[in-house]
Structures are given as C-alpha cells and as structure tokens.
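Everything below concerns the one structure shown next.
The values are calculated or read from the model by the stated rules, or taken from the named source; none is laboratory data. Predicted, not measured: the structure shown is a model, and the values here were computed from it. All Cβ positions, even for glycine, are placed from backbone atoms using ideal geometry, and neighbour counts span all protein chains on display.
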C-alpha cells in the first residue's frame, strides 16, 4: 500500500538534493551541485525507493539512502571524466574543466568518504558492506575496461563481466539496499538485486548503442566518443565476432591511429552497423531486459513491480 503522501519519485529526490544535501566542504558541495544541476534521470535512487516500496516500505522514509546512491554515481562520473579526459558531461562542462583535475579527484574521493561515513553511522549491516563491495566492483570494472582498450579479441562474456561490475553493480546495490532498509525478505531482496544486475547490463548496452547511433544533444557528449577512447563496446564486440578479416583490420588501423577525424569515425560506425553490430546488440539487450523483468516475479502484484518493469522496458 502506497504512503498517502507519496509523490513522483524523481521530484522527491530532486527536492532532497535542493533542500537537504550539503557536505562539510563548500567547494566540493558546489562541484557536486553543479553535476546534479546538469540533470540525469536519477535512476539509481528511484531503484532504491521503488525497491523499498515493493517490499512494503514507504519511499519517503528512505530518501537519504536513495540520495547516497546518486552521489556514489556522481563521484564515479567525476573520476571517470578525469581518467577519460572528457570535456563535457550531460551537455555541460565536466567537473575537471571547471575545477581542474586535482580538485576533481579529491572531490570524488571526499564524496565517497563522506557517503560511507554517513552510511556506516546510520544504517545497519549489511547495507554498509553492500555499498563498500559495490565500490570495489565499480573500480575493478573500470580497471578491466582499461585493460581491454583496443583488445579486438574481447568476447561478449568478457564485455558482460566488465559491464556487470562497472555499471550494473550500483543498480543492483541500489535496489538491494532499498529492500534491506525497508525490511524486505531475503527472497524479495535477492529478486530486486537480480533485477538491478540485469537492468544495469542492458543499460550499459543501450548506452554503447547510443554512443554510435544518437546525436550529441541526446547523449550529452560527443558521438563516437567510445571509439575515440578505443573502448570495446558491445556493438563493436558483436560486429567483430561476425565480421571478416578486412573489417577487423580496419578497426585495428583505426585504433592504432587513434584518429579523431569525424569522417573516419562515421565510416567505422557504418561498418559496425553493416557487420550486424547494431542488430545483434538490440537482440542481446532485449534478452537482458526480459531477464530483468522475469526477476521481479517474486514480488507478486506490488505496484512498484510494474514501475520497475516499465523502467526496464523503456530501455528498448
């Protein structure tokens, strides 16, 4: 049963950030607020609130925990932009552009520490353990992705392993912690974690697809950015699995030259599409969306289940 004061979950999260968020460092608070103001769907905190509701909790009572999930995400984005040398994020300057690399790295570090100081003080086991393990997974996934840069032999299984850690782990933790905080059963909590994992892998696949097929205004960063960074994204991995030696050689030459010429990127994107990379990605993505939705079966007819399923369906 929904709390009578329940409102749109996005609005609840935005209101929390607007009225209640502040760290003990003004400069870092400003840097984080700029990132928050740039937008975002607030999916991770919505997972926390929907998971809490799905097991009988009241979303409004778990806003702070939900906010921590978004702040972990923000801290990882700040670090990612430094590692990748990115200039834009969500259509605005990356934090490093406005504050410099040193402040950005320290801001991300401080934010992680600030979050965990609060989580360990306010939430019982196993929530702090879930989040600390998640941060380790995210970092591990990023390192694995860096090791795979330009590695044309990357398999779909290896790609999924990286995506599960660097992207899906926080979705899974967001849902799991929401269920734990609201007193959910182990059965329901596992179902929600499984949902988050499958959703997060599908989310990363969709992000990879959009990087090659959308426009810059839609994705908030230059199109083809993953190719510039030599990342082995799922359309490229699947195209290489079915492509001929000429295609593999062309990808190798592109990566060796690290070309940023727009025409060369457009040409490579077209060849990835012609080799079946986009069609195959959509099929694999759909499979993970279906897996995510099937994971919700133990929740019965809880209204939040339908909302979670709809979020997964939106990836298609």
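All told, residue 148 meets the bar of being more than 28 Å from residue 52 (Cα to Cα) and more than 18 Å from the chain's Cα centre (by Cα).
In segment 1-11, of all residues being assigned to a helix (DSSP H, G or I) and at pLDDT below 80, the one that is surrounded by the fewest Cβ atoms within 10 Å (Cβ to Cβ) corresponds to 10.
Considered as a group, the residues in segment 164-189 that are farther than 18 Å from residue 119 by Cα and free of Cβ contacts under 8 Å to residues at least 60 places away in the same chain include one that is farthest from the chain's Cα centre (by Cα), and that residue is 186.
It is to be established whether one or more residues within segment 16-32 are out of contact with any strand residue (DSSP E or B) (no Cβ under 6 Å at 6 or more places or on another chain), crowded, with 17+ Cβ neighbours inside 10 Å, within 23 Å of residue 211 (Cβ to Cβ) and free of Cβ contacts under 8 Å to residues at least 60 places away in the same chain. For segment 16-32, residues out of contact with any strand residue (DSSP E or B) (no Cβ under 6 Å at 6 or more places or on another chain), crowded, with 17+ Cβ neighbours inside 10 Å, within 23 Å of residue 211 (Cβ to Cβ) and free of Cβ contacts under 8 Å to residues at least 60 places away in the same chain: absent. Within segment 22-67, being at pLDDT below 85, more than 20 Å from the chain's Cα centre (by Cα) and part of a loop (DSSP other than H, G, I, E, B) holds for 22, 23, 24, 25. Right, residue 188: in contact with a helix residue (DSSP H, G or I) (Cβ under 9 Å, 6 or more places away or on another chain), buried (at least 24 other Cβ atoms within 10 Å of the Cβ) and assigned to a helix (DSSP H, G or I) or not? Against the criterion (in contact with a helix residue (DSSP H, G or I) (Cβ under 9 Å, 6 or more places away or on another chain), buried (at least 24 other Cβ atoms within 10 Å of the Cβ) and assigned to a helix (DSSP H, G or I)), residue 188 does not qualify.
Of the set (1) in a helix (DSSP H, G or I); (2) more than 16 Å from the chain's Cα centre (by Cα), all apply to residue 73 but (2). May I ask you to verify whether residue 96 is part of a helix (DSSP H, G or I) and within 22 Å of residue 197 (Cα to Cα)? No, not satisfied. On the basis of being surrounded by 15 or more Cβ atoms within 10 Å (Cβ to Cβ) and modelled with pLDDT of 75 or more, does residue 88 make the cut? Judged against the criteria, residue 88 is not a match. The residue that is surrounded by the fewest Cβ atoms within 10 Å (Cβ to Cβ), among those in segment 219-240 that are more than 18 Å from the chain's Cα centre (by Cα) and at pLDDT 95 or above, is 240. Determine which member of the set 292, 270, 274, 283 is surrounded by fewer than 18 Cβ atoms within 10 Å (Cβ to Cβ) and closer than 30 Å to residue 191 by Cα. The match here is 283. For residue 294, which of the numbered conditions (1) within 19 Å of residue 168 (Cα to Cα); (2) outside any loop (DSSP other than H, G, I, E, B); (3) touching a residue at least 12 places away in the same chain (Cβ under 8 Å) fails to hold? Of (1) within 19 Å of residue 168 (Cα to Cα); (2) outside any loop (DSSP other than H, G, I, E, B); (3) touching a residue at least 12 places away in the same chain (Cβ under 8 Å), only one is false for residue 294: (3).
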